[in-house]
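Everything on this sheet refers to the single structure shown next.
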Amino acid sequence: MLLRFPNVTFVFIGILCYFFGGSIGNPGSNATEGSQCSLRQFRCANKKCIPVAFVCDNENDCGDNSDELACSKNVTCSKNEFRCGNGKCIPGHWQCDNDIDCSDESDENEHICQQKKCGADEFTCRSAPGECVPLTWMCDDNQDCSDGSDEKSCNETCRADEFTCKNGKCIQQKWVCDADNDCGDNSDEVDCPAVSCAPETEFQCSERFCVPSKWHCDGEYDCMNGRDEQGCPPRPHSSVCLPSEHECNDLITCIHKGWLCDGTKDCPDGSDEEPAHCSNITCRADQFQCADRSCIAGPLLCDGQPNCPDGSDERDCGKPAAICDPITHFSCGPGGPCVPLSHVCDGKPDCPAWEDEPRGSCGINECAKDNGGCAHRCIDTPAGFRCECRMGYALTHDNRTCRDIDECQIEGSCSQICRNDKGHASLLFARRRDIRKISLDHHEMTSIVNETNSATALDFVFRTGMIFWSDVADKKIYKAPIDEGNAKTVVVSDEVTTSDGLAVDWVYEHLYWTDTGTNTISLANFDGQMRKVLIRDDLEEPRAIAVDPLEGWMFWTDWGQEPRIERAGMDGSHRQAIVTYDVRWPNGLTLDLVKKRLYWVDAKLNTISACDWDGQNRKLILFSETALRHPFSITTFEDWLYWTDWDRAAVFKANKFTGYDLAPITATEMVQNPMVIHVYHPYRQPDAENHCQPVNGHCSHLCLPAPRIGLRAPSISCACPEGLRMLSDGLTCVQDESITTSTPSQSEPYSPRAGPIPESTTNRAKNGPGTSIPESLDNGGVAFAVMFGIVVILFALGIIARLGYNRLKQRNVTSMNFDNPVYRKTTEDQFTLEKNNFPVKPYLSTVGEEAQQPLTNNHDPV
């Protein structure tokens, strides 16, 4: 496996790096018995690890002087090694890599590096002398040369079924002239012929784009230019938004009314900030105008207390005092300016109180006596001195003593469990009209599911290669093999599903989803059977959901009037809110299963934040009003976060620890309507033990993972599908007779029908081609005739049966009767006994079910 870091290239073959074990580079860490120092460390005789640059530098860094022994100038290095000037050997590819590895810096000698020639299997970087990278790193969309020359002049040849963009990118041929900028430079939409739409079934949006004619004047903009809704007669419009929400002009998106005219565009088209909605409020000269256009008294500005509803009166209230860089500047004291060191002790006052011209300090070298009291290095300055530490150490509070830095405590030092040969990672994301995949190594984009109406949420099972997604227009959940996405199968189809969030339990094989129409969180198996509503109370606008079957927890966002992020066991137990403050519009969330961290995006605050699974150790990762204008979904892999943004119509990435290295994965305005996104890789779904196997945990129906709240906590929990109730044994489900409505067979999932359900705030469903037709009314004569006929037939069959029985009884047949004290009660017998308050014991009907029954010692003798 090849791992790359800034300015340093490591080559590991089959190396396994665990963040929870061992030292990963502590310059002064004590290696335990049998442990190994890292590749760029030297192991002392006392098992201490120090940087290799400290070896043979005439300083006792190990403490036992073992780093200065055997520093002979006559050491012979192997052909794959470079010999430093002090005789030390280092790997050959460390030479001229812009990283000093020899204590005498001979590996970065400019004259030698200019003359160095790269090998036959290496690429010579252009501007950096002597810098080489493996040929396999050329044109891999990662800049490995310091000047990025390994990624220049990469003229790839597209396949016969692909289109070559002017920028060299390859896209699928069917994406050419589809009115969508797939190339990023719009070269796939140039010189496109005019398209003729079918007059009976299609509506012409433009010369090159058609939509179904039933979408014309349906109140929803389907053409990019809005032509399908122009010149339409007035039509009654039933808003999909709640009374406490404002409906955007697209008639799809709903926002809180408190966000109306607050100075931030929350609607996709910015209609919430248009003058038609916002009156022109002008504050008096003695007042301050808040960002939401309200007015407060002038003296309340920057008084330490938020007086504006949005707190804007306490923003930008003075800057903190500047901190001077001691390497280049001199500090004139608290609140004072920073003076360049060249102006110190020059006989001219630059500080207000002559601090830069101290008497008795100018021209004195404090480092000449006892190293200035510094543990490592003493740096003399014009008016004093400062102490510095060698690499791997940091100054303590006295600014003289150096302490060892524990790199394992630095977030991001070892973030992943790394193994070799596991394939390349990809991004899966829904795009309303289709579902696409982007390769993370070459950024190649392909379509895996086509012709979806409004694909929104998705997830996958890597082990089986199955993808699941919700379509809020069809109000269904589908599944399909990821390589044959068009061969889709309906999983949930009760026409009340408006799912904005969906998560797959790849261990116990259940599907979890949020429903913004019913404000519930439900689950079912991968076939849509055994459906159960887990959470139905205190939900306003549930959206994103993520699960961790290894620990038995599920997490979800709710952007209602009290926005929050909650968690509960995957069986619905131990529910708690973990994020309740500084959260406004939590659209997407994702789990880092390695570090056990939760990341989420907030479309109102334009932020990415993170916390532990209990809500502790919260941290702001990134704030960006450009890359986080309207983020919808987020996912993580290795050291990166990836998210979709509606306004920018693109996919972005950034470092998950620092928020740095922000960059778009796709060109902006390229991916129209990007929805939920996931990283497709086996490490996102690690293998784990299924505690419900092999007999379904002895549960009669649903066996669910329970949250790991302690070492002795149960690992599973039995549950009943809708329409059934649990008996006192906690294992067996029976029919719930309190439900008066007719219930379907237990072999099928119980699907309660409800009245009219509010449609999703994410999108509205298109009307199908057919409409419901009211049944004709009659006076009951047909029904009476049918009932009478059935009664006559049953009466005749009864007489025939009685005659046959009497004839059989009169036969002279010798017979023997045996009384069997053991028999199986039918399900009806069980319900009859239960109605009459007799003790109820479940009687299982199959050998398979009997095998699931726990063994007890309470059997009656037969």
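The values are calculated or read from the model by the stated rules, or taken from the named source; none is laboratory data. None of the values given here were measured: they were computed from a predicted structure. Neighbour counts are summed over all protein chains in view; Cβ atoms, including those assigned to glycine, are modelled from backbone coordinates with ideal geometry.
Just a few scattered comments:
- Of the candidates 229, 245, the single residue that is within 25 Å of residue 498 (Cβ to Cβ), under 30 Å from the mean Cα position of the chain (by Cα), of a type outside the set (Val, Ile, Thr) and modelled with pLDDT of 80 or more is 245.
- The number of residues in segment 206-232 being under 23 Å from residue 649 (Cα atoms) and basic (Lys, Arg) comes to 2.
- Checking segment 653-667 against the condition returns a match, with at least one residue being crowded, with 16+ Cβ neighbours inside 10 Å and either of a type in the set (Ser, Thr, Tyr) or within 19 Å of residue 549 (Cα to Cα) (or both).
- Residue 614 at pLDDT 90 or above, closer than 22 Å to residue 549 by Cα, out of contact with any Gly (no Cβ under 7 Å at 6 or more places or on another chain) and of a type outside the set (A, V, I, L, M, F, W, C): yes
- Segment 255-280: number of residues that are basic (Lys, Arg) and either under 20 Å from residue 673 (Cα atoms) or at pLDDT below 75 (or both): 1
- Residue within segment 454-461 that is assigned by TED's automatic domain parsing to the domain that holds residue 636 and under 19 Å from residue 704 (Cβ atoms) present: yes
- Residue ID - farthest from residue 494 (Cα to Cα), chosen from residues in segment 717-754 that are charged (D, E, K, R) and at pLDDT below 65: 748
- Applying the criterion of being of a type in the set (Gly, Ala, Ser) and not in a strand (DSSP E or B) to the residues of segment 487-508, the residue that is farthest from residue 568 (Cα to Cα) is 487.
- Residue match in segment 222-234 (condition: surrounded by 16 or more Cβ atoms within 10 Å (Cβ to Cβ) and assigned to a strand (DSSP E or B)): no
- Any hit, segment 82-92, residues being assigned to a loop (DSSP other than H, G, I, E, B), modelled with pLDDT under 80 and of a type in the set (D, E, K, R): yes
- When each of 66, 78, 103 is tested for being at pLDDT below 80 and polar (S, T, N, Q), the lone residue that passes is 103.
- Of all residues assigned to segment 190-206, none qualifies as being at pLDDT 80 or above, assigned to a loop (DSSP other than H, G, I, E, B), touching a Pro at 6+ places or on another chain (Cβ under 8 Å) and closer than 23 Å to residue 448 by Cβ.
- Checking each residue in segment 512-544 for being out of contact with any Pro (no Cβ under 9 Å at 6 or more places or on another chain) and crowded, with 24+ Cβ neighbours inside 10 Å picks out 513, 523, 542.
- One residue stands out in segment 185-217 among those that are surrounded by fewer than 17 Cβ atoms within 10 Å (Cβ to Cβ) and touching a residue at least 60 places away in the same chain (Cβ under 8 Å): the one that is nearest to residue 667 (Cα to Cα), namely 185.
- Checking each residue in segment 307-341 for being in a loop (DSSP other than H, G, I, E, B), in contact with a Cys (Cβ under 8 Å, 6 or more places away or on another chain) and within 30 Å of residue 382 (Cα to Cα) picks out 322, 324, 325, 332, 333, 336, 337.
- Residue in segment 287-306 that is within 28 Å of residue 603 (Cβ to Cβ), at pLDDT below 80, in contact with a Gly (Cβ under 6 Å, 6 or more places away or on another chain) and outside any helix (DSSP H, G or I) present: yes
- Residue in segment 664-683 that is free of Cβ contacts under 8 Å to residues at least 12 places away in the same chain and either assigned to a loop (DSSP other than H, G, I, E, B) or in the same structural domain as residue 547 (by TED's automatic domain parsing) (or both) present: no
- Matching residues, segment 596-605, being closer than 19 Å to residue 657 by Cβ and either buried (at least 19 other Cβ atoms within 10 Å of the Cβ) or among the polar types (S, T, N, Q) (or both): 597, 598, 599, 600, 601, 602
- Criterion applied to 182, 144 was being over 24 Å from residue 437 (Cβ atoms), assigned to a loop (DSSP other than H, G, I, E, B) and touching a residue at least 60 places away in the same chain (Cβ under 8 Å), and the one residue passing it is 144.
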